[in-house]
Amino acid sequence: MTAARPLPGESRPYAFPRFERRTLSNGLGLVIAPLPKLPVVTLLALADAGAVTDRPGEEGLAVLTARMLSEGAGGRDGTALTEDVERLGTAIDASADWDAALVRLTVLSSRLPEAMALLADVLMAPALPAREVERLKAERLAELLQLRAEPRGLADETLDRAVYAAGARYALPVGGTEHSVSSLTPEAVAGCYAARYHPGAVTLVVAGDAETAAVERLAETTFGTWRGVTRGEIANPDRRTPDGRRVHVVTKPGAPQSELRIGHVGIPRTHPDYFPVVVMNAILGGVFSSRINLNLREVHGYTYGAHSGFDWRRWAGPFAAETAVQQDVTADAVREVLFEIDRMRETPVAPSELSLATSYLDGVFPIRFETTDAVATALANLVLYGLPGDYYDSYRANVRAVTADRVLGAARAHLHPDRLQLVVVGDADRVRAPLERMAIGPVTVADDRGEPIA
Amino acid sequence: MRIPYETFRLANGLFVTVSEDHTAPLVAVNLWYHVGSANERAGRTGFAHLFEHMLFQGSAHVGSNEHFELIQRAGGTLNGSTWVDRTNYYETIPSNQLGLALWLEADRMGQLLPAMTQQKLDTQRDVVKNERRWSVDNQPYGTAWEKLQEIGFPPEHPFHHSIIGSMEDLSAASLDDIASFFATYYTPDNAVLSIAGDADLTTARPLVEQYFGSIPRGSGRPPLPPMHVSARFGSPRRQVVPDDVRLPRLYLAFRTPVFGSAGYYAASVCGAVLGLRRGSRLHRTLVRERQIAADAMAYTSDLAKGSDILVADVTARPGISAERLEDEVIAVVEHLRRDGVTEAEVSRASALIETGYTAALQEAAERADKLSQFATYFGDPGLINEQVPRYRAVTAAQVTAFAHEWLGEDNRASLLYVPRESPDDGPPGAGANRE
């Protein structure tokens, strides 16, 4: 043992994995990153078919369509396709998030050609059988039913409805509501596929133990015959509710904890303030040693953990502070979170806080890309958000360049105390009165289905 | 694929593994202490885990919350976790900061107690009580694992009680308990240190010797109560748990051969045939074909002592009763037991397991954790390279024989969660026992 703290040695250079971008003759984008560490490879197809493409009343269609891709394809029914895929020791994970549909798999590199052929079948020739559409709809309805008893999911869903205007796509769950999902048909799924899945709207990312030239040849052979063009427009999904704080209590009688979300509409991923906002949020609530976590957890012992974050999307996703606190300190915890958000806008952060945030974000950068799946996801984001080709090479310098002034500027420009919506999933009989006494804004109480309770 | 590794042991008993990979300038440090909830004394359930929290509260030369801050400032990630028979602490950091991570681990292994205060204990007790509320009490099916421990092991067995513990026992924990637990279990001869990534023996060994070398050996752990349980339950067990859930869920548990033993691999493959991914029996039959389940999976718990527990975990579709769900799951198990499994099913299962295992080892943290695990349980970190061959060697005949011997009615415990219909059913977690 020794009292003297070790000093760091000389740091070794790190480079984000090299990659090549190609476009096949039919318009399909191709990104290839050779990573020869272990004998595995990740294939990730990104299609411009995210939930923002859902039309009003059809919320959930993009997710359902993406999930249907792996329910039978290339002349196989769902059971046969699953067998062929899993025999290779992999599984096709097909789903959609807000921004895109993502179809991904990780496989031992010796099985890459067979895996790519199956991925091509799934994207180019899905069967979309009516029976499986009905089954996936029923599974989504079961998931929604379970959500009613799941405080975290309920809190997230309530915050979305509180911060986004009615009718904005972001106000409703990515997978759709009971009402919208019930109305989806096999014809709608086929229509969504026909409109959205075409080579010009798809990028295939291949990261792992494979050579660029071989992957390129393989992609041309398996995807080269695909034809078609994408149709359809996207309505603005991120309109916000009127300014003014409001408190939304979802009652869960007898709940031992209150699940809290405190937030408002944030900014899009491509906003020029991205780096100062990321650093600002790290200090506010983005890492363990952040202000919100140290205050609520380590000073007060109110919670197991408290965080804040901007949900980065093509349009403006939500910003939220979130935590779960024991029921009797609900109002105290809300007061502390509001205090920390205000404080962030009032005075510059201390040099030690700034250096902690920037050296953390700088230092963990290589740790984020240890796996083929992580590298593939990073490259997909590059394509999705139209980031420059050297984005990952300049990331660390961009983080280090953020100053206390820019953090203060980012807090003042992008934290809006007057717009905060407060969601509390907990025992309304116990938390309502203390929250009303705080006079944050009008308090409404609803049941777990969102129906108002007087 | 072969993960390289080298080992050495300090004079105080600390066993060390080093696994080189210079792909990126990062290194994982991982410490396994061979102590978990099984070592807790009566009236102190949850103590091993509360103690894990206290290890982040500083040590002789490290201030409160400084452990987290120093690692994060160095550009690293870190955490710890508590299991029935081990507690681990780990960091992944830029490789030029290896010294810092080792120094921090050594300072708290050697000199934790000077930093312990009543106030820190009180705060962490509140944090852990909130962890319990968050992950167990206020979460649908959140009590499942502690109830599986209860139903899976007899009351006198060290695995019977909850890892996170009861609120009452957490309240009773004192600074004296901290001191005696530390002296007994947090000793170099009861730990394994693994270093994986951009480091080699030449640089790592002197650092380990410098920081850990002077920590005294322990005076020996007290023996655990007997871990032995009968290989099978002997008779069917059943517990119905009314909970704040909307859909019934069945956890059907079987006692099975312990993790890493000769019989374990057939058990693990059988679990995968039954419930790993969508091509498994349970998913294909109950989710896709019969459509009575919303989700279905099966897995081993990987317990290395006493007995492992294989669990089939199936959630009903809306409108399907708990009893129907249970009958249908048992029918799938019976069918597998009666007719055995096919070569294709076994090769699907082991291929999925192999890919998952290999892909996970891409992360230095996972390589370090596996090396610590195999060194702690079996004294042989080299087992990290033996898992894939052992899985590949499992035959359909072995899995069929396993199912026949271990999945019978005499070795089943049903834990059945049902939606609580009225407040009269009692508080969350209260259950009616009928065997």
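The values are calculated or read from the model by the stated rules, or taken from the named source; none is laboratory data. Worth saying up front: this structure is predicted, and the values here are computed from it rather than measured. Note that each Cβ is placed from the backbone with ideal geometry, even for glycine, and that neighbours are counted across all protein chains shown. Each accessible area value is taken on the protein alone, full model and side chains, heavy atoms only, with ligands, DNA and RNA left out. Shrake-Rupley method; radii C 1.70, N 1.55, O 1.52, S 1.80 Å.
The table that follows gives values for the structure above.
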| quantity | calculated |
| --- | --- |
| Those residues of the stretch A:115-147 which are under 21 Å from A:THR225 (Cβ atoms) and either open to solvent by 10 Å² or more (accessible area, probe 1.4 Å) or within 13 Å of another protein chain (Cβ to nearest Cβ) (or both), in sequence order | A:ALA115, A:ALA117, A:LEU118, A:ASP121, A:MET124, A:ALA125, A:PRO126, A:ALA127, A:LEU128 |
| Residue that is least open to solvent (accessible area, probe 1.4 Å), among those in the stretch B:376-409 that are in contact with a Gly (Cβ under 9 Å, 6 or more places away or on another chain) and under 19 Å from B:TYR33 (Cβ atoms) | B:TYR377 |
| In the stretch B:128-140, the residues that are touching a Phe, Trp or Tyr at 6+ places or on another chain (Cβ under 6 Å) and open to solvent by less than 20 Å² (accessible area, probe 1.4 Å) | B:ASN130 |
| Set A:LEU102, A:LEU112, A:LEU88: member being within 17 Å of A:ALA45 (Cβ to Cβ), open to solvent by 20 Å² or more (accessible area, probe 1.4 Å) and not hydroxyl-bearing (Ser, Thr, Tyr) | A:LEU102 |
| Residues of the stretch A:163-196 that turn out to be under 22 Å from A:HIS264 (Cβ atoms), among the β-branched types (Val, Ile, Thr) and open to solvent by less than 20 Å² (accessible area, probe 1.4 Å), as a count | 1 |
| Among residues of the stretch B:251-292, those that are within 26 Å of B:THR376 (Cα to Cα), open to solvent by 30 Å² or more (accessible area, probe 1.4 Å) and in contact with a Lys or Arg (Cβ under 8 Å, 6 or more places away or on another chain), counted | 1 |
| Residue within the stretch A:49-70 that is surrounded by fewer than 17 Cβ atoms within 10 Å (Cβ to Cβ), of a type in the set (S, T, N, Q) and more than 30 Å from A:PRO366 (Cβ to Cβ) present | no |
| Hits in the stretch A:158-185 - residues which are of a type outside the set (Gly, Ala, Ser), more than 22 Å from A:THR444 (Cα to Cα) and in contact (Cβ under 8 Å) with a residue 40 or more places away in the chain | A:ARG169, A:VAL174, A:VAL181, A:LEU184, A:THR185 |
| Given (1) within 25 Å of the chain's Cα centre (by Cα); (2) surrounded by fewer than 19 Cβ atoms within 10 Å (Cβ to Cβ), index of the condition A:HIS300 fails | (1) |
| The one condition in (1) open to solvent by less than 40 Å² (accessible area, probe 1.4 Å); (2) without any contact (Cβ under 8 Å) to a residue 12 or more places away in the chain; (3) not basic (Lys, Arg) that B:SER95 fails to fulfil | (2) |
| Selection count, the stretch A:203-231, where residues are among the hydroxyl-bearing types (Ser, Thr, Tyr) and open to solvent by 80 Å² or more (accessible area, probe 1.4 Å) | 2 |
| A:GLU150 being buried (at least 20 other Cβ atoms within 10 Å of the Cβ) and within 14 Å of chain B (Cβ to nearest Cβ) | yes |
| Subset of the stretch B:184-203 that is surrounded by fewer than 23 Cβ atoms within 10 Å (Cβ to Cβ), out of contact with any Phe, Trp or Tyr (no Cβ under 8 Å at 6 or more places or on another chain) and not in a loop (DSSP other than H, G, I, E, B) - its residue that is nearest to the other protein chains (Cβ to nearest Cβ) | B:THR203 |
| Answer residue from the stretch B:159-183, given it is free of Cβ contacts under 8 Å to residues at least 60 places away in the same chain and closer than 29 Å to B:ASP308 by Cα and is surrounded by the fewest Cβ atoms within 10 Å (Cβ to Cβ) among those | B:GLU168 |
| Options B:ALA115, B:ALA101: the member that is at the interface with chain A (Cβ under 10 Å from one of its Cβ atoms), modelled with pLDDT of 95 or more and open to solvent by less than 30 Å² (accessible area, probe 1.4 Å) | B:ALA101 |
| Test: residue in the stretch A:384-397 that is in contact (Cβ under 8 Å) with a residue 12 or more places away in the chain, within 30 Å of A:VAL205 (Cα to Cα) and among the charged types (D, E, K, R) | yes |
| Residue within the stretch A:367-375 that is within 9 Å of another protein chain (Cβ to nearest Cβ), open to solvent by less than 10 Å² (accessible area, probe 1.4 Å) and within 30 Å of B:HIS22 (Cβ to Cβ) present | yes |
| Listing of helices (runs of 4 or more DSSP H) fully contained in the stretch A:318-395 that carry 1 or more residues being at pLDDT 95 or above and over 22 Å from the mean Cα position of the chain (by Cα) | A:330-346, A:351-363 |
| B:VAL35, sole failed condition from (1) assigned to a loop (DSSP other than H, G, I, E, B); (2) open to solvent by 30 Å² or more (accessible area, probe 1.4 Å); (3) closer than 24 Å to B:ALA375 by Cα | (2) |
| Residue, farthest from the other protein chains (Cβ to nearest Cβ), within the stretch B:211-258, restricted to residues that are among the polar types (S, T, N, Q) and within 25 Å of the chain's Cα centre (by Cα) | B:SER230 |
| Only one of B:GLU20, B:GLU40, B:GLU105 that is over 23 Å from B:GLY218 (Cβ atoms) and among the acidic types (Asp, Glu) | B:GLU20 |
| Of all residues in the stretch B:302-340 being within 14 Å of another protein chain (Cβ to nearest Cβ) and in a loop (DSSP other than H, G, I, E, B), the one that is surrounded by the most Cβ atoms within 10 Å (Cβ to Cβ) | B:ARG317 |
| Which numbered condition B:ALA60 fails, given (1) surrounded by 20 or more Cβ atoms within 10 Å (Cβ to Cβ); (2) farther than 22 Å from B:PHE47 by Cβ | (1) |
| So A:ILE267, is it crowded, with 24+ Cβ neighbours inside 10 Å, touching a helix residue (DSSP H, G or I) at 6+ places or on another chain (Cβ under 9 Å) and of a type in the set (Val, Ile, Thr) | no |
| Hits in the stretch A:407-447 (condition: open to solvent by 40 Å² or more (accessible area, probe 1.4 Å), assigned to a loop (DSSP other than H, G, I, E, B) and not hydrophobic (A, V, I, L, M, F, W, C)) | A:PRO442, A:ASP447 |
| Cross-chain or 6+ apart pairs with Cβ under 9 Å, the stretch A:232-250 first and open to solvent by 30 Å² or more (accessible area, probe 1.4 Å), then acidic (Asp, Glu) and not in a loop (DSSP other than H, G, I, E, B) | A:ASP243/A:ASP418; A:ARG245/A:ASP418 |
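Residue by residue, here is whether (1) under 19 Å from B:ALA183 (Cα atoms); (2) over 19 Å from the mean Cα position of the chain (by Cα); (3) open to solvent by less than 30 Å² (accessible area, probe 1.4 Å) holds:
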{"position": "B:ARG41", "(1), (2), (3)": "yes, yes, no"}
{"position": "B:ARG73", "(1), (2), (3)": "no, yes, no"}
{"position": "B:THR77", "(1), (2), (3)": "no, yes, no"}
{"position": "B:THR82", "(1), (2), (3)": "yes, no, yes"}
